[in-house]
Structures are given as C-alpha cells and as structure tokens.
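Just so you know, all these numbers are worked out from the coordinates, no wet-lab data involved. Please read these numbers as outputs of a predicted model, since none were measured by experiment. Because the Cβ atoms are built from the backbone with ideal geometry, glycine has one as well, and the counts that use them run over all protein chains shown.
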Amino acid sequence: MFTGIVEELGQIVAIETAPDSARLTVRGPLVTSDAKHGDSIAVNGVCLTVISLDDGAFTADVMAETLNRSSLGALEPGSVVNLERPLTLGTRLGGHLVQGHVDGVGRIVAREPSDAWEIVTVSLPADLAKYVVEKGSITVDGISLTVVAVTATSFSVSLIPATLELTTLGRKVVGDPVNLEVDVVAKYVERMLEARA
C-alpha cells in the first residue's frame with residue numbers, strides 16, 4: 001500500500017525482455033537505502049517486488065499482465081520514473097490509499113500552464129470514467145492527485161510547482177501515456193451495491 005507521494009525520481013538502468021515478461025533495473029538511491037529482497041517499490045504507480053539490490057539500484061520482474069495494463073512496457077534505459085516505498089503504520093498519509101495496481105492507461109491530451117500552476121488533462125478509458133469524480137482522488141503515474149474537472153472521456157488535474165519539479169508529470173508532453181489507478185473505495189462500493197441488487 002502506498003500514499004501516492006513520490007519520494008524520488010529514479011531512472012531505468014536496464015531492461016531485459018522475454019516473450020511474456022520483462023526484468024527492470026531501476027536506480028533509486030533513496031528508495032533502496034532501506035530496501036531488502038521481497039520489498040515492494042512503486043514504479044510510476046506500479047507495485048513491483050525487489051528481487052535484487054546493487055549500489056543504489058534494484059531489479060524487479062514485470063509479468064505480461066502488468067505490461068499489458070500499464071505503460072511500463074514503453075520504458076527504455078534512461079527513462080525517468082516516479083518511485084515510492086510502501087507506507088508503514090507510522091507514516092503520515094499525505095495523499096490517499098494507493099494499491100499500486102494500475103487500472104488502465106491514459107494519455108496526456110492537453111497542458112495549460114499559468115504563472116503558479118499547470119492544468120493537465122488526461123484521457124480517461126471508458127471503463128474507468130464511472131470511478132472518477134470532481135474533487136476525488138486519482139493516481140497518475142503513482143502520484144496522488146485531486147480531480148478538478150471530469151468528462152466522459154477525460155479528467156483534469158491542477159499541478160503545483162513542486163509536483164511539476166519533483167515528479168515525471170513536469171516532463172511529460174501531450175501524447176505521453178500515464179498509468180491510472182482509481183480510488184479503490186469506489187470499486188468496493190460498486191461491488192457491494194451490485195451484490196445487494
């Protein structure tokens with residue numbers, strides 16, 4: 001479980017591909033400082049399991065399901081990624097409860113800069129639209145954000161300078177893919193209501 005508060009910008013060091021999987025090596029000195037084999041680290045919002053550690057970098061396996069449901073398959077050596085360690089019981093919950101289970105991939109469709117912030121609009125897969133509400137939480141590439149506007153096909157978020165500087169959203173351009181995770185509470189409520197109907 002994560003909070004959606006990015007701790008560090010990491011970098012993809014190496015990618016080994018296989019027919020139905022990939023092995024990523026990611027440099028992240030902060031998130032590996034206390035990591036051990038078997039720990040979880042979120043990479044662009046995808047919960048991955050550490051299989052080895054070496055000098056400020058970690059390696060993780062990515063299965064076909066994850067490659068198909070996320071944008072991790074589009075990464076290449078040198079790609080910059082958002083990194084976050086899992087929360088602990090003593091951690092402040094600065095964002096919202098994030099599982100690291102990507103629901104789908106959107107694309108940046110517009111960026112509107114202003115003096116103090118930037119509005120970013122992201123396409124919204126049709127099957128996720130019902131879970132996204134104005135002023136609700138959504139995770140974009142592992143970043144906990146508040147939805148400022150939503151339509152049937154897109155949503156917008158307002159990014160402060162710190163988010164632009166400290167996450168990959170400051171570097172993404174129109175057309176770039178982003179991993180989306182909707183608020184898990186909405187999915188549980190829907191499931192409970194379906195069971196009662």
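Hey, in the GNM for the chain with a 10 angstrom Cα cutoff, which one of D115, D176, D54 fluctuates hardest? Maximum fluctuation in the GNM of the chain, among the listed residues, is at D115. Helix 184-196 and the longest principal axis of the C-alpha atoms of the chain enclose an angle of approximately 60°. Net charge dipole, the chain: roughly 380 debye, given to the nearest 20, about the Cα centre with Cβ charges of +1 for Lys and Arg and -1 for Asp and Glu.
What residue among S137, S79, S156 shows peak mean-square fluctuation when the chain is described by a Gaussian network model with Cα springs under 10 Å? Checking each option, the largest mean-square fluctuation is seen for S79.
Shape class of the range 1-119 from the alpha-carbon gyration tensor: oblate, with a/c at 1.5 or above and b/c at least as large as a/b.
Net length available on complete extension from D20 to L193 is 58.7 nm, with 0.36 nm assigned per residue and the Cα-Cα distance removed. Computed from the C-beta positions of A35 and E65 and an R0 of 30 Å, the FRET efficiency is 0.80 to the nearest 0.05.
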